[in-house]
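Colleague: Let me give you the structure first, and then I'll get to my questions.
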Amino acid sequence: MSEGGRKRPPTTNPALPRTSTPTLPLPKLADPRPARGTPSTAGSLAVASWLADRGCFPPANRPWRVQIALETSDRPASFGFAPTRFVLTIEPRTWGFAFHHGDRTSTIRIDSIASALDRDEHRLAAMTPPLKRIGSLVRDLEARYRIFFPRHHAAVRSDIPGSEPMIRAWVQSF
């Protein structure tokens, strides 16, 4: 009791619970940002931003890859041979694409800068946009070669659990 016979206020906040409920540990997910001490390149920063924009979190300490294939036929695309196809590959530290049309091929990889991996017969290295705007390159190729890639038939391979719906939605935005 305090002065004047009044009760002293409790020292704990009655609005807060007195016990805590134990929480289950969450699965360890990789941070999409480049690891400390790892050199940040244009490719790794673009991939980290792309993952964050999609809300994708790859499993920690495991290699992963996302591949998207577009073909001009009006049927589901595949990763096999097609006369005209665009294949985008995204990995932890780099991303790139291959465009095959007729008898010419361009294979571009982005680490620090866009560079041809083996051939660039369509001269695409110089016009490679950032990963987040790769749809503009797809539209440019469609206009240049008078072709169309049905986005709803895209083939998607992903090692990131639960990522396929977000990736498909992104491809639809091309």
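Nothing in this text is a laboratory measurement; each read-out follows from the coordinates by a stated rule. All figures in this text were calculated on a predicted structure; none of them were measured in a lab. Because the Cβ atoms are built from the backbone with ideal geometry, glycine has one as well, and the counts that use them run over all protein chains shown.
Colleague: So how far, in whole Å, is the C-alpha centre of the range 145-172 from the one of the range 67-117?
Modeller: The distance from the Cα centre of the range 145-172 to that of the range 67-117 comes to 13 Å.
Colleague: Run the quick spin-label model on TYR145 and PHE79: label points 7 Å from Cα toward the beta carbon, then report their separation in nm to one decimal.
Modeller: With each label point 7 Å from Cα toward Cβ, the separation is 2.0 nm.
Colleague: Further, regarding this structure: Taking only the alpha carbons of the range 48-174, what extent do you get along each of the three principal axes, in Å, biggest first?
Modeller: For the range 48-174, the Cα spread along each principal axis is 40, 34, 23 Å.
Colleague: With each label point set 7 Å from Cα along the Cα-Cβ vector, what nm distance links ASN61 and ALA169?
Modeller: Between ASN61 and ALA169, the simple spin-label model gives 3.1 nm.
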